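Here is the structure we will look at, set down as structure tokens.
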Ligand SMILES: C[S@@+](CC[C@H](N)C(=O)[O-])C[C@H]1O[C@@H](n2cnc3c(N)ncnc32)[C@H](O)[C@@H]1O
């Protein structure tokens, strides 16, 4: 199934440093394109089935209007799935998708998120790159903190399920994503970011290269036990005029399944 790249949005929707996507019609329309046929929905269901439990309890961090959670919960019958979506913007519009096995917590996922519960799976679907701060260093710490907290909330054989975008630079280790962060987090050059097609102009996003995501995961003590590249992703067809100023060799989207290091690492992951 072909999928569009993530749609542009009006950056004036950004308030309080949090991305207020739930008030953006294009975001809602994009979210609703998620279905039981989406590659990452199918991939997560396969992993839940492999685990062999009768029930699976999940947390969808930054799960938006719950389209992904609903698709997984309603198309997976064995195991029986229930998912909590935690997102600071869920109630901004009455757009959340009702489903018997999906519930919503209106909260950011940070130190304040109160839960002693342990989960079979924790989802970060196109969310980690939105967890940013006021500098490269603090952004790195913010992403580390989110993954570390998620790791601490896993059951013994639990997984972290990530869908992310990868930007491989023409030179260096992570140059393209550094440029994207610098350009998108500056109000002064928001117009440049918009010209380059960024839907996050003026608010900041911190994607990473494969090496840089791996470095982050290593620091947290997580390892990839499975991965799946989304070969039909529309966003991979980034024109040369957009790639050149970002010194971007290629962009792709993939799913990664993470476990605490030392547990079941697959040789080909
Ligand atoms: C690109 S959207 C992805 C939505 C959803 N995961 C999906 O795939 O449809 C990013 C989401 O992250 C949420 N978000 C931003 N900062 C967050 C935080 N600190 N904690 C939880 N969610 C956050 C936003 O409200 C938004 O819904």
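No lab work stands behind these numbers, since they all come straight from the coordinates. This one's a predicted model, so the numbers in the text were calculated from it and none came from an experiment. Counting neighbours? That spans all protein chains shown, and the Cβs are built from the backbone with ideal geometry, glycine included.
Shown for segment 128-269 is the translational diffusion coefficient from the Stokes-Einstein equation, using the Kirkwood radius over Cα pairs, a temperature of 20 °C and a viscosity of 1.002 mPa s: 135 µm²/s. In terms of surrounding Cβ atoms within a 10 Å radius of their Cβ, 24, 232, 116 rank from fewest to most as 116, 232, 24. Counting neighbouring Cβ atoms within 10 Å and putting the fewest first, the residues 192, 102 line up as 192, 102. As a proxy for reagent exposure, 174, 156, 218, 87 were ordered by neighbouring Cβ count within 10 angstrom, fewest first; the result is 156, 218, 174, 87. Annotation: peptides 251-258, 130-137, ranked by per-residue average of other Cβ atoms within 10 Å with the highest first, follow the order 251-258, 130-137.
In terms of its C-alpha gyration tensor, segment 214-263 comes out oblate, because a/c is 1.5 or above while a/b does not outweigh b/c.
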